[in-house]
Amino acid sequence: MVNSAAIVATGIGKTFAMGKQTVTALRDVSLSLPAGTLTALTGPSGSGKSTLLHLIAGLERVDSGNLNVLGHQVHACGPAELAALRLREIGFVHQDFSLLADLTLAENVRLPLEAVGTPRGEAAKAATEAMARVGLKGLEGRFPAEVSGGQQQRAAIARAIVGDRTLVLADEPTGSLDSKTGSEIMDVLAQLRDEGVTVVLSTHNPANLSHADLVAVLHDGALLSFDTAGGDAA
Ligand SMILES: Nc1ncnc2c1ncn2[C@@H]1O[C@H](COP(=O)(O)OP(=O)(O)O)[C@@H](O)[C@H]1O
Ligand SMILES: [Mg+2]
């Protein structure tokens, strides 16, 4: 555990307005995730897993507490700094892959680079490299509908790491997959962790926890436990 922290949350909270009601999605959550580790967020539906990932991704802002992501104080930084962090340094993987159907896998993978103005040749090279890292060499020209669900999810992971992004957030990345394919996707994420990528994912599937270095259990927006996967103190 000599790695520096990629993410440090200190007493973070998030509420949402629902008409006149407020829903507390996260309450007083504190945790520190070392760079180059794979953390699984688990807990029942509605426990705050997606909200925590969205806060780390800069898609939502915390209401209270301090949140540092890759050295950025995201609770305090302005919209431009937050957008740059989200666009240039963080990759997000959704349960349903969310690839654009009219683009090839390689075109999908290079989208985040095109969004920040990376020259086309450089973006294409980076997309090819990212696809090779997740086992998709040779499938660059295929469309999403022409590959399996597991291959689509690999492409979504390639899009999340393209351009040497070092933080990958994945919301239920195996939720749409059969158990064998889901296990292969966990292997891909664990391999990226071995290469130094920091991975934070949410999962309902207990089988996925065996791939994690750290397991955070959420319940009703509160952190119930935060431990190494084997149960030793982190
Ligand atoms: N945009 C939103 N508007 C209102 N309530 C929300 C919103 N996002 C999440 N919530 C609420 O916050 C709580 C946590 O949700 P979520 O983070 O999606 O949990 P999980 O991913 O663990 O299922 C739930 O009660 C949910 O209804
Ligand atoms: Mg969720």
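The values are calculated or read from the model by the stated rules, or taken from the named source; none is laboratory data. Since this is a predicted model, take the numbers as computed values, not measurements. Ideal geometry is used to build each Cβ from the backbone, glycine not excepted, and the neighbour counts take in all protein chains shown. For accessibility, only protein heavy atoms count, side chains too; no ligands or nucleic acids. Shrake-Rupley method; radii C 1.70, N 1.55, O 1.52, S 1.80 Å.
Here are some notes:
- Shape class of the stretch 73-146 from the Cα gyration tensor (axes a ≥ b ≥ c, square roots of the eigenvalues): prolate, since a/c reaches 1.5 or more and a/b is larger than b/c.
- Rounded to whole Hz, the Karplus (6.51, -1.76, 1.60) HN-Hα couplings of the stretch 99-115, x for glycine and proline: 8, 7, 5, 8, 10, 5, 4, 5, 5, 4, 5, 8, 3, x, 6, 5, 5
- Global geometry of the stretch 36-195, whether rounded, prolate or oblate, following the gyration tensor of its Cα atoms and the 1.5 cut on a/c: oblate
- Amide hydrogen proximity for Leu38: with H placed 1.01 Å from N in the peptide plane, the residues at 5 or more positions away or on another chain lying under 5 Å are Val199, Asp213, Leu214.
- Cα shape, the stretch 80-122, gyration tensor, a/c 1.5 rule: oblate
- Stretchable slack from Arg142 to Met18, in nm (0.36 nm times residue separation minus alpha-carbon distance): 40.4 nm
- In this structure, Asn205 and Leu59 have a Cβ-Cβ separation that, at R0 = 25 Å, corresponds to a calculated FRET efficiency of about 0.60.
- Neighbourhood charge, 15 Å Cβ-Cβ cut-off, centred on Leu177 and excluding it, Lys, Arg +1 and Asp, Glu -1: -4
- Remark on Ser225: its backbone amide H falls under 5 Å from those of Val217, a criterion applied only to residues 5 or more positions apart or on other chains, H modelled at 1.01 Å from N.
- Interchain or long-range residues, amide H under 5 Å from Glu60's placed H: Leu55
- Against the criterion of solvent-accessible heavy-atom surface with a 1.4 angstrom probe, Phe92, Phe16 sort, most first, into Phe16, Phe92.
- Per-residue HN-Hα couplings for the stretch 211-225 [Karplus 6.51, -1.76, 1.60; θ = phi - 60°; Hz; x = Gly/Pro]: 7, 8, 7, 10, 10, 10, 9, 9, 8, 6, x, 9, 7, 6, 7
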